[in-house]
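The values are calculated or read from the model by the stated rules, or taken from the named source; none is laboratory data. Everything numeric in this text was worked out from a predicted model, so none of it was measured. Neighbour counts run over all protein chains shown; Cβ positions are idealised from the backbone, glycine included.
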Amino acid sequence: MFIDVAKIILTAGTGGNGAVSFRREKYVAAGGPDGGDGGRGADIVFVPDGHLATLADFRLKRKYSAEDGQNGSGANCSGKSGRRLVIKVPCGTVVKEAETGRIIADMSDGSEVVVAAGGRGGWGNQHFATSTRQVPRFSKAGKPGERIEILLELKLLADVGLIGYPNVGKSTLVSVVSSATPKIANYHFTTLVPTLGVVYMGEGSSFVMADIPGLIEGAGEGIGLGHDFLRHVERCRMLVHVLDVSGSEGRDPIQDFHTINNELLQFNPRMAELPQIVAGNKCDLATEQQIADCVAYFKGQGIEFFPIMAAIREGVDSLINTVAAKLHTLPPIMIYEAEAPIEAAPVNNSAFTLREENGIYYIEGDFLRRLMNGINPDDYESLQYFQRVLVKAGVIEALQNAGIAEGDTVCVYDVEFDYVN
């Protein structure tokens, strides 16, 4: 199954918690704190893989989570960092932030990209020892990894795109100039997926041609196969517009030319500006006048026109040679530049909520949850550190503004204590 769009959720690893530990060794008095740091949470890394052709794997699995870092331990031993999660995607996949559409990476140049970074490990109590606080019984919790919803879009890496109405001979043309074997039949939408073929032009010279299916009037608005495959034209360096010059289906080939180009313009104005060569196919079914009319029209428009009969390769060599020569003058395949993150409001790492129920004041906040992981409620110095954090974060002031009185109960997750002014 050819799948070229997928939406997935990534959660990088959370950092391990720092340890609270003290050196205890025979003949060593007052060994001091030796709690190790937590390991770093694992990153989620995307790697382009030339053996993959679709995003079908992401239809079955939508959520990916990386390994957490391990907690620190005694003897200054740091926790093991999480093993990074490597996700393979087809070459040409554009990774976007689902919410904003920001381009995170273009997996086209072979480089791996960290899409979601793991959280930093927390400090062990060895970091909190001072001349006046020689027995710190608290540590820091690890930070959570990044969580992001991303949109994957596969945009084929092709030098030349074959465009045109269904059943005009695009699949036949790509089959006779390359080793590609698309399905060929005399009905519309025979080709349901883009077909890539490598056109060999001699030693050290070749280019990739893509048969783009599904373009009809209204394709830019999603009619037919519409948006499903128009995105695959975006990277092409040039286009070969295939027309049925015989009008065997009752359409005017010149009108077809303008209709398809209008759809390209509506979908992406840049695509309408790509260099085009016109291949007038099915000349064996056309009259000499029909062919002459097309030749005269496109010559007047300054557009190169090649009358061909793709099925028997008549006129095809001249077309392909011209395409190869023109490609030498064009820029390489477009690579999308990663975009900087959209400026967001500063994140308040000290944000908390305060509510009062039945005389008990409940305080909650992400930073408090992490703080409680490293606090020892039975240790005086640990509680002093806890109190300093509450004062600095504005929690004590908020309690006073809420009308708390001496002896009232304050609950911070699983810890309850009496308020003392």
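Hey, any hits in segment 34-42 for a residue that's surrounded by fewer than 23 Cβ atoms within 10 Å (Cβ to Cβ) and either within 25 Å of Ser108 (Cβ to Cβ) or among the hydroxyl-bearing types (Ser, Thr, Tyr) (or both)?
Within segment 34-42, not a single residue is surrounded by fewer than 23 Cβ atoms within 10 Å (Cβ to Cβ) and either within 25 Å of Ser108 (Cβ to Cβ) or among the hydroxyl-bearing types (Ser, Thr, Tyr) (or both).
Scan segment 284-301 and report the pairs whose first residue is under 19 Å from Gly250 (Cα atoms) and whose second residue is modelled with pLDDT of 95 or more and acidic (Asp, Glu), with Cβ atoms within less than 9 Å and a gap of 6+ or a chain change. So the pair list comes out empty.
In segment 39-54, how many residues are farther than 30 Å from Ser139 by Cβ and at pLDDT 90 or above?
Selection size over segment 39-54: 4.
For Ser65, indicate whether it is closer than 27 Å to Pro194 by Cβ and in contact with a strand residue (DSSP E or B) (Cβ under 9 Å, 6 or more places away or on another chain). Considered against the rule, which asks whether it is closer than 27 Å to Pro194 by Cβ and in contact with a strand residue (DSSP E or B) (Cβ under 9 Å, 6 or more places away or on another chain), Ser65 comes out as no. Test Asp49 against the stated conditions and say whether it is within 30 Å of Ile335 (Cβ to Cβ) and without any contact (Cβ under 8 Å) to a residue 60 or more places away in the chain. In short, yes.
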